[in-house]
1. Can you find, within the range 180-214, the residue that is farthest from E127 (Cα to Cα) among those that are charged (D, E, K, R) and out of contact with any His (no Cβ under 8 Å at 6 or more places or on another chain)?
2. Looking only at the range 61-83, count every residue that is at pLDDT 95 or above and farther than 23 Å from T176 by Cα and tell me the total.
3. Could you check the range 1-81 for helices (runs of 4 or more DSSP H) lying wholly inside it with 3 or more residues that are on the phi > 0 side of the Ramachandran plot?
4. Evaluate the range 88-105: report whether one residue or more is within 27 Å of L283 (Cα to Cα) and open to solvent by 70 Å² or more (accessible area, probe 1.4 Å).
5. Considering only residues that are out of contact with any strand residue (DSSP E or B) (no Cβ under 9 Å at 6 or more places or on another chain) and of a type in the set (D, E), which ones fall in the range 247-270?
6. Can you tell me which condition G286 does not meet? The list is (1) on the phi > 0 side of the Ramachandran plot; (2) surrounded by 13 or more Cβ atoms within 10 Å (Cβ to Cβ), and all the others hold.
7. Anything in the range 208-217 that is modelled with pLDDT of 95 or more and open to solvent by 10 Å² or more (accessible area, probe 1.4 Å)? List them, or say none.
8. Would you check if F31 is open to solvent by less than 60 Å² (accessible area, probe 1.4 Å), among the hydrophobic types (A, V, I, L, M, F, W, C) and closer than 17 Å to V284 by Cβ?
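The values are calculated or read from the model by the stated rules, or taken from the named source; none is laboratory data. Small disclaimer: the values here were computed from a predicted structure and weren't measured. Every residue, glycine among them, receives a Cβ derived from its backbone with ideal geometry; neighbour counts consider all protein chains shown. Just the protein is used for accessible areas: all its heavy atoms, side chains included, with ligands, DNA and RNA removed. Shrake-Rupley method; radii C 1.70, N 1.55, O 1.52, S 1.80 Å.
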Amino acid sequence: MGLFSGQEVEGGYIPGAISRRLIPESSGNDFNRVGAQDTKRPDPPFHGTVQHPWKWMMIYFLMRCYFGNFGALKSWTIHWLREYFGHKRISPERVTGTPEEFTVRLKEEAMAHPEVEAVGIAPMRDEYYYDTFPTSDLPWVITLARRMDYDKLSLNLTERNFDQALKEVIGGYERTQKAAVDLANWIRAQGWQARGIGTLTFKPENMFLAIPPAIEAGIGTLGKHGSLISDELGSAFRMSCVLTDMPLIADNPRNIGSEDFCASCQKCVTDCPPGAISNEKQLVNGAMRWYVDFDKCAPYMTETKGCAICLSTCPYSRPGVAPKLTQKMLKRQERLETPPEQSVPA
């Protein structure tokens, strides 16, 4: 245990000296409204410039991520430049069509992009935005997703190589953001408003949660580790979004069987070094959901520059596993839900 890194001990993790100094007295779990029965727009513990108890830990986290990791810093810089300067002018001539026609064409355009492997559409809702940030008048949010390189990411698990994993995570954010800005420019060329948003954004108008609209759009479902699980991409994938007023048709949430799987699986629980992942759902901001203990996770995530062990250890993340595991779990659910045939007396 030293200045910049802590020590893994049985049943948890003791943060390094700097982290211990920066950890506030107020719990991040209270900040995230664990135990709250009512619902409100979430507060942003690691996003934006809002003053909050964990702000200095957030700054320390960002410094550790980008200082000394040229690959991550390069991806972040490209992301920032593209966000501010990558959008083209909206065409003054608006292309007309039905929502059905636009939806088909948009998905074809998105899936033709080399950085897109899944696309879904959901209506934008004010509750997706972090509290204190302005909401959007653009009615649709398009979620784009792509896999990360599992062999590179999983070095965080096999070799505790967090630098390589960080490069893959930040690079994944940048590549999906490129797809989002490219798709937004395609929409703008049709005469409709659109802006592509990457998850590394710090622009106030882009401060919303990516996971809830992705769930509503059928991209995946929430896993025990607090991230999405996709029936095609597993857990090791990154997302970006496009907001637009182009008339579209929403997709629907989908059951992929991961809820039942997570209830019994122990991989992320046992492999999480600080012991931040629970076996049980908790009441958070008015709903029962899987929740990762912020106070335990944040210091370890900061000192390891992102950690992401829970993603690489998730069985769904291993290449080729997610589709097979989804099929298996859905068949199992079908068997359990189908009543046995009643024998008819002769």
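1. Within the range 180-214, the match that is farthest from E127 (Cα to Cα) is K203.
2. 0
3. In the range 1-81, there are no helices (runs of 4 or more DSSP H) which contain 3 or more residues that are on the phi > 0 side of the Ramachandran plot.
4. No, the range 88-105 contains no residue that is within 27 Å of L283 (Cα to Cα) and open to solvent by 70 Å² or more (accessible area, probe 1.4 Å).
5. D260
6. (2)
7. Listed by number, the residues that qualify are I211, P212, I215, E216.
8. yes
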